[in-house]
Amino acid sequence: GSDSGGGGAGGASEEAAAEGMDSGGRNSSGAPNSTLSESQGSAILISFIYSVVCLVGLCGNSMVIYVILRYAKMKTATNIYILNLAIADELLMLSVPFLVTSTLLHHWPFGSLLCRLVLSVDAINMFTSIYCLTVLSVDRYIAVVHPIKAARYRRPTVAKMVNLGVWVLSILIILPIIIFSNTAANSDGTVACNMLMPEPTQRWLVVFVVYTFLMGFLLPVVAICLCYILIIAKMRMVALKAGWQQRKRSERKITLMVMMVVMVFVICWMPFYIVQLVNVFVEQDDATISQLSVILGYANSCAN
């Protein structure tokens with residue numbers, strides 16, 4: 001409930017909502033000392049992991065952005081999509097210091113406006129990441145399955161327009177987060193930064209978690225899988241043609257790379273969505289497991 005201790009952004013707006021409108025500390029003001037020290041210990045550990053993920057993510061994504069912008073020959077359609085993914089991941093990392101602070105303090109000290117901004121930026125970049133991967137998979141599909149049409153669609157200009165479309169779509173999809181994110185005072189005087197759902201809270205919560213699961217995970221992953229099924233079918237069909245193997249080796253390498261990135265995304269984000277769905281449907285919430293599932297999602301931004 002909203003008075004079960006200190007607040008905090010909790011890693012992602014979905015978690016802020018799915019944790020019953022309290023995404024920070026779990027120690028109520030009347031908790032025994034052992035519980036408090038245990039809670040503080042896990043907060044320090046979680047903050048340390050967040051910090052490592054943030055540093056690795058910022059360094060790795062900065063290098064990708066630098067290389068693509070620095071070298072003219074790197075500005076292919078595929079690399080422009082990868083650039084967009086790196087920018088989304090980089091921005092996601094910038095919200096981590098706020099999450100670390102609120103986790104350690106069991107309190108949100110940054111005010112209402114920054115609460116809304118951090119949760120919104122967090123969500124926009126989460127959705128942008130998966131949509132960038134979907135676009136990359138469609139790009140691979142066009143390159144491998146329709147090589148003649150590829151010249152028309154796989155141009156840097158088209159890639160830039162598609163990237164813009166991805167950001168606009170992400171902003172539209174996370175409008176509920178922009179609207180409902182706010183700070184709330186807890187009974188012990190601390191402040192929580194959460195999504196404050198309208199009444200009936202539980203029903204809205206279920207709708208919101210299912211909505212984000214469908215739009216931010218299930219539908220994009222189904223579209224991605226469909227692209228790769230068609231790519232593999234095409235590769236098998238033409239593999240025996242003379243000279244094809246040599247000509248298409250680079251395409252196969254790029255396709256394999258994108259497939260690896262997608263697989264890492266699924267491995268990193270699936271536990272997060274499972275935890276959120278269990279939290280709302282079974283109403284069983286373990287704060288540490290929730291936090292760890294969020295960290296795993298953030299770790300995806302390093303892995304990319």
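Please state which of the following conditions Gly6 fails to meet, knowing it meets all the rest: (1) surrounded by 23 or more Cβ atoms within 10 Å (Cβ to Cβ); (2) under 23 Å from Ile124 (Cβ atoms); (3) at pLDDT below 85.
(2)
Filter the helices (runs of 4 or more DSSP H) completely within segment 131-202 down to those with at least 3 residues that are hydrophobic (A, V, I, L, M, F, W, C), farther than 22 Å from Val266 by Cβ and over 18 Å from the mean Cα position of the chain (by Cα).
Of the helices (runs of 4 or more DSSP H) lying wholly inside segment 131-202, those with at least 3 residues that are hydrophobic (A, V, I, L, M, F, W, C), farther than 22 Å from Val266 by Cβ and over 18 Å from the mean Cα position of the chain (by Cα) span 147-153, 156-173.
For segment 257-276, what are the residues that are within 14 Å of Tyr141 (Cβ to Cβ) and either among the charged types (D, E, K, R) or surrounded by fewer than 16 Cβ atoms within 10 Å (Cβ to Cβ) (or both)?
Within segment 257-276, no residue meets the criteria.
Given the criteria in contact (Cβ under 8 Å) with a residue 12 or more places away in the chain, surrounded by 24 or more Cβ atoms within 10 Å (Cβ to Cβ) and out of contact with any Lys or Arg (no Cβ under 7 Å at 6 or more places or on another chain), does Leu99 qualify?
It is true that Leu99 is in contact (Cβ under 8 Å) with a residue 12 or more places away in the chain, surrounded by 24 or more Cβ atoms within 10 Å (Cβ to Cβ) and out of contact with any Lys or Arg (no Cβ under 7 Å at 6 or more places or on another chain).
Scan segment 184-195 and report the pairs whose first residue is within 11 Å of His106 (Cβ to Cβ) and whose second residue is aliphatic (A, V, I, L, M) and in a strand (DSSP E or B), with Cβ atoms within less than 9 Å and a gap of 6+ or a chain change.
Sorted first by the residue in segment 184-195, then by its partner, the pairs are Asn186/Ala192; Val191/Ala184; Val191/Ala185; Ala192/Ala184; Ala192/Ala185.
Hey, among the residues in segment 45-67 that are farther than 15 Å from Asp89 by Cα and of a type outside the set (Gly, Ala, Ser), which one's modelled with the highest pLDDT?
Val67
For residues in segment 115-142 being of a type outside the set (Val, Ile, Thr) and touching a strand residue (DSSP E or B) at 6+ places or on another chain (Cβ under 8 Å), which is surrounded by the most Cβ atoms within 10 Å (Cβ to Cβ)?
Among them, the one singled out is Leu119.
All but one of (1) on the phi > 0 side of the Ramachandran plot; (2) in contact with a helix residue (DSSP H, G or I) (Cβ under 8 Å, 6 or more places away or on another chain) hold for Glu90; state the number of the condition that does not hold.
Result: Glu90 passes all but (1).
Just checking, does segment 183-204 include any residue being farther than 30 Å from Val138 by Cα and in contact with a Cys (Cβ under 7 Å, 6 or more places away or on another chain)?
Looking for residues that are farther than 30 Å from Val138 by Cα and in contact with a Cys (Cβ under 7 Å, 6 or more places away or on another chain), one finds at least one in segment 183-204, hence yes.
The values are calculated or read from the model by the stated rules, or taken from the named source; none is laboratory data. None of these values were measured; they are calculated from a predicted model. Cβ coordinates were reconstructed from backbone atoms using ideal geometry, including for glycine residues, and neighbour counts include every protein chain displayed.
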